[in-house]
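What follows draws every value from the coordinates through simple rules; no lab data is involved. Computed from a predicted structure; not experimentally measured. Methodologically, a virtual Cβ is constructed for each residue, glycine included, from the backbone with ideal geometry; neighbour enumeration extends over all protein chains shown.
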Amino acid sequence: MKIGIDRISFYTSNYFVDLQTLADARSVDVNKYYTGIGQEKMGIPPPDEDIVTMGASAAFRLQQDGELDDVELLLFATESGIDQSKAAGVYVHGLLEMNNRCRTVELKQACYSGTAALQLAIGFVARNPGKKALVIAGDVARYELGSPGEATQGCGAVAMLVSADPRLVEINPECGYYTEDVMDFWRPNYRSEALVDGKYSTMVYIHTLLESWKQYAGLTGLSLTDFDHFCYHIPFTKMAEKAHEKLCRKLKVELGKDQLHSLLEESLRYSRITGNCYSASMYVALASLLDTAAEDLTGKRIGFYSYGSGCVGEFFSGTVQPGYREVLYGNDHKKLLENRTELTYQQYEDIFNYGVPADGGEHVFPQYKTGPFRFSGISQHKREYETVV
Ligand code: CAA
């Protein structure tokens, strides 16, 4: 039985900062951002947007299309949890008025948890072939103002329907995965910004890729030349390119600039203008590839490398299904990305410093442009959400 991703829907904030604005504020040559790390813009969530509103907004299109009726498992993967106890997915379940017969849980392992959720969902469908699972991965990537990670910030969520006989991408069963206890990036419970040993994190990312690939290749006998495209975890687009170059060098596979471009470029387009979406990033890459590739991807094999600091990595593959174009939300994604509002530096800093009040009082948040749901306020420590449409 084929199991995999049946639909994919992406949402990000309606606000962004151009990295030229950040470069001016930090007195940095903008080419360090545009070329050096390969990022142009970073998505910034306004005070009334969080992982719940972004996740629910990503899944809203699926609900509108009646795709959530047979869902009995909702997995929400995130690094940016908003509650130590209640799963973000339970709020989403409520906002989308999903069936009560549903298992809902939140998963965490930095940027890797979206892949853990996908693989668990596949296991659920294998056991319950008529049922579906909804996987949501969503994050707000936040680093300290003025820190090296600042330019890689971003936000977004991806909602994926996982089913038997998927219409988009069959996920193949073999996987190479690797865990090692390291401190390259982490966020203690008392902090809202991540801590990161930046250069070290890029080295661990690549080491984990080599280890995951080694296992994967051992299991499948496949070589890099058996793949038509790759989707990497994208903390910044240059990281994905460098990782692929390194993997090719290690395996002595020839790789010219044009080849690198054709293997990766379409998967990098959305991330370059949204920034890091942590657990969602690799799936933003998949949406970007499926939506924007000019060639027909039917039957093409995609290699996926998922990485979560701390660290866990996984290499696996998927095969694009016939007719996939008919079930994409590419036009919606394009409209969303084209209609965002640019922030000035001062607006960015004000939003960054807004902070969710922690005094247990009654607070109503200013209304910004959001998707169909917004985080309207907080009352006696309870988050309040409202439907905008
Ligand atoms: N024109 C062109 N290129 C320029 C330039 C200019 N004027 N100035 C600098 N550059 C280049 C540099 O040469 C460098 O390229 P190389 O790596 O090829 O040498 C690149 O721009 C970046 O410059 P620096 O190395 O000086 O940048 P930095 O040290 O200030 O920051 C970083 C880089 C450490 C990765 C930082 O962005 C960071 O901390 N990011 C957050 C952590 C991260 O994303 N890690 C990735 C792996 S971990 C992971 O994947 C999990 C996750 O999502 C966080």
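Side notes on the structure shown:
- Under 23 Å from the Cα of Lys131 - lysines, other chains or at least 8 residues apart: Lys2
- Full extension of the segment from Asn331 to Asp70, taken as 0.36 nm per residue of separation minus the current Cα-Cα distance, would add 91.4 nm.
- The fewest-to-most ranking of His381, His207, His233, His333 by surrounding Cβ atoms within 10 Å reads His381, His207, His333, His233.
- Fewest neighbouring Cβ atoms within 10 Å first, the residues Ser80, Ser9 line up as Ser80, Ser9.
- The range 204-347: C-alpha gyration tensor shape, a/c 1.5 cut-off, then a/b vs b/c: oblate
- With Cα atoms defining each centre, the range 79-132 and the range 146-213 are spaced 18 Å apart in the structure.
- Efficiency of FRET from Cβ geometry, Val364 and Met203, R₀ 45 Å, rounded to 0.05: 0.50
- Euclidean distance between Cα centres, the range 314-335 to the range 237-290, Å: 16
- Loop-located trypsin sites (Lys or Arg not before Pro) in the range 189-274 (DSSP state other than H, G, I, E, B) with a sparse environment of at most 12 neighbouring Cβ atoms within 10 Å: Arg191, Lys252.
- Taking label points 7 Å from Cα along the Cα-to-Cβ direction, Tyr190 and Glu386 give a separation of 3.6 nm.
- Kirkwood hydrodynamic radius of the chain, Cα pairs, Å: 20.8
- Farthest towards the positive end of the charge dipole of the range 3-387, among the residues Pro188, Val125, Val356, is the Cα of Val125, using unit charges on the Cβ of Lys, Arg, Asp and Glu.
- Share antiparallel - DSSP beta bridges, the chain, percent rounded to 5: 75
- Residue-by-residue Karplus 3J(HN,Hα) for the range 41-54, coefficients 6.51, -1.76, 1.60, Hz, glycine and proline x: 9, 10, x, 10, x, x, x, 9, 10, 8, 5, 5, 5, 5
- Cα gyration tensor, the range 269-389 - rounded (a/c under 1.5), prolate or oblate: prolate
- Mean sequence separation of contacting Cα pairs (under 8 Å, at least six apart), scaled by the length of the range 263-388, corresponds to a relative contact order of 14 percent.
- Within straight-line reach of Lys86, meaning a Cα separation under 20 Å, sit the following aspartates and glutamates at least 8 residues removed in sequence or on another chain: Asp48, Glu49, Asp50, Glu72, Glu97, Glu106, Asp139, Asp359, Glu384, Glu386.
- Normalised by residue count, the range 268-310 yields a Cα convex hull volume of 70 Å³ per residue.
- Whichever lysines have a C-alpha closer than 28 Å to that of Lys199, once near sequence neighbours (fewer than 8 apart) are set aside: Lys32, Lys41, Lys108, Lys214, Lys238, Lys242, Lys246, Lys250, Lys252, Lys257
- Here the Gaussian network model covers the chain, with springs between Cα atoms less than 10 Å apart; of Gly154, Gly371, Gly55, Gly371 fluctuates the most.
- Rough spin-label spacing in nm, given labels placed 7 Å along Cα→Cβ, for Lys250 and Cys102: 3.9
- Fewest-first ordering of Val312, Val364, Val28 by other beta carbons within 10 Å of each residue's beta carbon gives Val364, Val28, Val312.
- Dipole of the chain [Lys/Arg +1, Asp/Glu -1 at C-beta], most positive-end residue of Tyr15, Leu107, Cys175: Cys175
- Cα→Cβ-extended label distance, 7 Å offset, between Thr225 and Asp296, nm: 2.6
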